[in-house]
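Q: Submitted below is the structure of interest, expressed as structure tokens.
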Amino acid sequence: MIGAPRGNMGDRGPMATHMPPRTGLALGLPGRWWDDGRTAKRLNLRNDQQKKMDKVFEANRDQLLDRFTTLQREESRLSSMSAKDLQDQGKVFAQIDRVAGARAELEKENAYILMQIRQQLDADQVTELDAEIANFR
């Protein structure tokens, strides 16, 4: 996950604690990695690239937070189902489907943003980023 809004750049952000371990396609590092000094230096990011990446993130931030809030709400509904509702397989699986759908929408939004951010990189920087992602896993 890209992570939390600005202010939590040093950690993985609140979203990372609710997401399953990374598997499959990884388009970026956790958090606002382009703002991390060490990562920016390793990738040789230019200031103009970082500003463009910030613009991409800011333009999509509200949608990302909305998707995250929806996931939290659906997870909360699942965990607070009554004992009676938990006996109804149809209700339980319908809520599980809503949680899974909300998680999928959040993951798609995150991937969309990361793809836009990656487009700001030069070919050599993409190669270096992919190496960093591989080392992170």
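Readers should treat all values here as calculations from the given coordinates under stated rules, not as data from a laboratory. All values derive from a computational prediction rather than experimental measurement. Neighbour counts are summed over all protein chains in view; Cβ atoms, including those assigned to glycine, are modelled from backbone coordinates with ideal geometry.
Q: Give me the number: length gained by fully extending Arg61 to Phe93, i.e. 0.36 nm times residue separation minus the C-alpha to C-alpha distance, one decimal in nm. Before the final figure, lay out each step's value.
A: Working: separation 32, 0.36 × 32 = 11.52 nm, distance 3.04 nm.
So the chain would gain 8.5 nm between Arg61 and Phe93.
Q: I've got another one for you. Rank these for me by crowding, Ile133, Ile96, Ile117, going from fewest to most other beta carbons within 10 Å. It would help to have the intermediate numbers written out before the result.
A: On the way: Ile133 17, Ile96 12, Ile117 24.
Arranged by neighbour count, lowest to highest, Ile133, Ile96, Ile117 become Ile96, Ile133, Ile117.
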